1. Does segment 276-287 include one or more residues that are in a helix (DSSP H, G or I) and either within 23 Å of Leu86 (Cβ to Cβ) or among the polar types (S, T, N, Q) (or both)?
2. Please give the number of the condition Arg254 fails out of (1) in contact (Cβ under 8 Å) with a residue 60 or more places away in the chain; (2) in a helix (DSSP H, G or I); (3) charged (D, E, K, R).
3. Of all residues being surrounded by fewer than 13 Cβ atoms within 10 Å (Cβ to Cβ) and farther than 30 Å from Pro63 by Cα in segment 288-326, which is nearest to the chain's Cα centre (by Cα)? Just the residue, please.
4. How many residues does segment 199-233 contain that are surrounded by fewer than 19 Cβ atoms within 10 Å (Cβ to Cβ), over 16 Å from Leu141 (Cβ atoms) and of a type in the set (Val, Ile, Thr)?
5. Within the group Leu264, Leu235, which residue is under 27 Å from Arg81 (Cβ atoms) and touching a Leu at 6+ places or on another chain (Cβ under 9 Å)?
6. Does Leu244 meet the test of being modelled with pLDDT of 95 or more, more than 20 Å from Val201 (Cα to Cα) and either touching a helix residue (DSSP H, G or I) at 6+ places or on another chain (Cβ under 9 Å) or in a helix (DSSP H, G or I) (or both)?
7. Name the single residue that is nearest to Leu170 (Cα to Cα) among those in segment 23-36 being modelled with pLDDT of 95 or more and among the acidic types (Asp, Glu).
8. Within segment 2-42, restricting attention to residues that are under 30 Å from Lys58 (Cβ atoms) and of a type in the set (A, V, I, L, M, F, W, C), which residue is surrounded by the most Cβ atoms within 10 Å (Cβ to Cβ)?
Amino acid sequence: MAQLNFTREEIMADHPYAKRQEEVGYLLHGGFDEHGTYLSPRTLHRWPAVRAWQSALKARGWPVIDASVELLKRGNYPNARQEKFLLTNNIGQPLWNSLTITGIIEARGQALCNFEAPDFQSIIVDDISQTATGHLGKGLLYAHGMDEGGDPNDSSVGAHDAMWFAARDLLFGKDAYPIPEVPESIGRPDEDRPPIKISGVHAQLIDLLMNVLMIEVRAESFFSFCQTIMSDPDLFTDRREDALKAAELVGRIRIDEAIHVGYLQTALSEMRSFTFKTVDGGTIQGKEFIDPVWTDMVHWHSVTQADVAREQLRDGLRDGLVRSGAGELFEQFDRLENIADAA
């Protein structure tokens with residue numbers, strides 16, 4: 001029978017690396033086996049745990065919720081054709097900004113290391129000791145925070161924040177443009193969610209898990225976009241090897257992020273199956289309050305926020321090009337939006 005209960009030490013355990021990851025002067029998390037295959041940090045037991053919890057959930061007759069890019073209703077903006085147009089016209093700052101902002105936001109993910117997960121067993125009727133939900137406070141959230149922003153107790157090893165900066169530096173060189181303004185948050189505000197009938201602190205964590213999961217889904221689309229741009233032989237022709245290395249780095253981040261999608265969708269799927277105690281002394285099945293909140297969360301990230309972000313980026317790019325006397329370039333850029341990248 002598969003192991004379903006894990007210690008914090010097991011959740012945090014690394015593979016035995018033959019070589020550590022180091023790029024562009026950054027010492028980074030993770031490493032490689034003796035064959036040169038990249039191994040994500042802290043996944044020696046995390047992946048077997050997630051797979052075992054998913055199998056146990058399915059054995060009880062409950063599916064794992066969809067957390068694929070199929071949830072997204074909007075493509076990346078700018079699309080690959082538009083980005084290629086900008087880069088071939090020596091307009092690199094939009095991509096520089098995107099990579100920099102992504103790295104800075106990843107660094108904020110370290111906050112998960114300091115997040116105190118409430119005791120879900122206190123409000124769930126079912127035994128959760130052998131589930132992902134029961135392990136949120138036993139290393140799952142902490143490991144996620146370390147993956148994104150590094151170890152709070154050891155700043156010498158970079159995580160996804162440093163990996164994005166390394167990819168950016170490979171493409172453009174260090175300090176090619178000024179650091180851009182970074183959004184305060186890319187998640188849906190708590191006050192925008194439908195009301196939940198369970199205790200506030202537990203409802204807030206469920207909301208956080210959904211927000212983070214949808215951010216991960218959106219990130220998967222951005223990974224694909226970045227690798228397409230970085231691997232294009234027509235771009236970064238004077239730094240072709242560096243650009244390919246940048247694409248490889250993004251690929252490693254992509255591998256790392258898969259475990260985040262895995263445990264988050266597992267925990268939320270489990271919660272749908274559980275019976276919760278409500279604040280008024282009754283009980284409610286998880287799917288009754290989780291499903292409408294999840295539907296609303298998916299729409300906010302895939303439509304509402306995607307449209308707002310597009311307009312902000314488009315307006316900023318238009319204004320910048322018009323000020324520099326290149327307004328005709330913006331018109332050409334704009335016409336490429338509805339042309340499929342594969343055309």
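1. no
2. Among (1) in contact (Cβ under 8 Å) with a residue 60 or more places away in the chain; (2) in a helix (DSSP H, G or I); (3) charged (D, E, K, R), Arg254 violates only (1).
3. Result: Val308.
4. Qualifying residue count for the region: 1.
5. Leu235
6. Against the criterion (modelled with pLDDT of 95 or more, more than 20 Å from Val201 (Cα to Cα) and either touching a helix residue (DSSP H, G or I) at 6+ places or on another chain (Cβ under 9 Å) or in a helix (DSSP H, G or I) (or both)), Leu244 qualifies.
7. Asp33
8. It comes out as Phe6.
The values are calculated or read from the model by the stated rules, or taken from the named source; none is laboratory data. Just so you know, these numbers come straight off a predicted model, no measurement behind them. Positions of Cβ are backbone-derived with ideal geometry, glycine not excepted, and every protein chain shown enters the neighbour counts.
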